[in-house]
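The values are calculated or read from the model by the stated rules, or taken from the named source; none is laboratory data. No experiment lies behind these values; they were computed from the predicted model shown. We place every Cβ from the backbone using ideal geometry, glycine too, and count neighbours over all the protein chains shown.
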Amino acid sequence: MVFRHSRSISKKPEGQPTRGKTASNRLRRVDNFILLYEPALLTRTDGLFAASLFVDLGYGFDARTTLESAERFRRLNPNLRILGVEIDKERVEAALPFADEKTFFRLGGFNLPLQAGESVRLMRAFNVLRQYEEKDFAPAYERLAQYVLPGGLMIEGTSNPFGSVWAANLARMMADAKWKMEALVFSTSFRMGFDITDFQAVLPKNHIHHVVQGDRIYDFFEAWKRSAAETSHFKVFGLRQWFVAAAEALAQKGYKMNLQKKFLNKGWLIWEQT
């Protein structure tokens, strides 16, 4: 298989610098979700997966998110190759002292700076596309699709400053080199309680401007709010129990929810896309 990125590589990074401010462990819940959702993706060694990378796109002012992910993911796969990508040259130079034979930091943007023989098994792009116009969403996804192996995954979304609340698209790379939106994931650590409106503020770019009457995401949130109201008596047993009960009520309204307790009990609501 030959990836399209091998045909022409633009040296100038495509995109805009992120704000870059990231608290320690801001993306811990994102990584832990992946470890629970699909650990096999991190350990695959068949074919091109043997040399494939986890890519942390837009890691920010310092290398902490990439290095924290390396520590978490390598508990499962000690040989996992990891690439941190930044569009800001100074940020890359600041991260280089932390590079080693399996951990790389390179200058790049949506045109990922991969080397010959490299490809991507998993990509995380958090707090990146939120600063773009909605019209830029699809082109960014299309550009990134050139680098991901069939069966690979991208988790792309936005979190609050400490990562206690986030929402993300889970996109799967198909055999035809196109993305399939697999799920929209909502995450809470319950530290801020359980308020559904908190998730609206961190919706991914393709949804955040569509919470208006008549749009699918608006209907989903209205149904979720009704489900939370209908199950509010579960609050006496704790926020987690209420969160689970609201998800089950949402599923009864016809939404395709992943009701596995291993996700819901940890504060991950997965709305499977069809």
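For this structure, a couple of remarks:
- Any hit, region 256-266, residues being closer than 23 Å to Leu144 by Cα, out of contact with any Lys or Arg (no Cβ under 7 Å at 6 or more places or on another chain) and of a type in the set (Lys, Arg): no
- Annotation note: of Gly60, Gly109, the sole residue that is surrounded by 21 or more Cβ atoms within 10 Å (Cβ to Cβ), more than 24 Å from Ala183 (Cα to Cα) and touching a Pro at 6+ places or on another chain (Cβ under 7 Å) is Gly109.
- When region 69-85 is filtered for residues that are assigned to a helix (DSSP H, G or I) and either at positive phi or crowded, with 19+ Cβ neighbours inside 10 Å (or both), the ones remaining, listed by number, are Ser69, Ala70, Phe73.
- Residue ID - surrounded by the fewest Cβ atoms within 10 Å (Cβ to Cβ), chosen from residues in region 228-274 that are touching a helix residue (DSSP H, G or I) at 6+ places or on another chain (Cβ under 9 Å) and part of a loop (DSSP other than H, G, I, E, B): Gly254
- Each residue in region 201-241 was checked for being hydrophobic (A, V, I, L, M, F, W, C) and under 21 Å from the mean Cα position of the chain (by Cα), and 8 pass.
- For region 54-68, the criterion of being farther than 20 Å from Ala125 by Cβ and either outside the structural domain of Arg143 (by TED's automatic domain parsing) or of a type outside the set (Ser, Thr, Tyr) (or both) is met by none of the residues.
- Among the residues of region 42-61, the one identified as of a type in the set (D, E, K, R) and under 21 Å from Gly157 (Cβ atoms) is Asp56.
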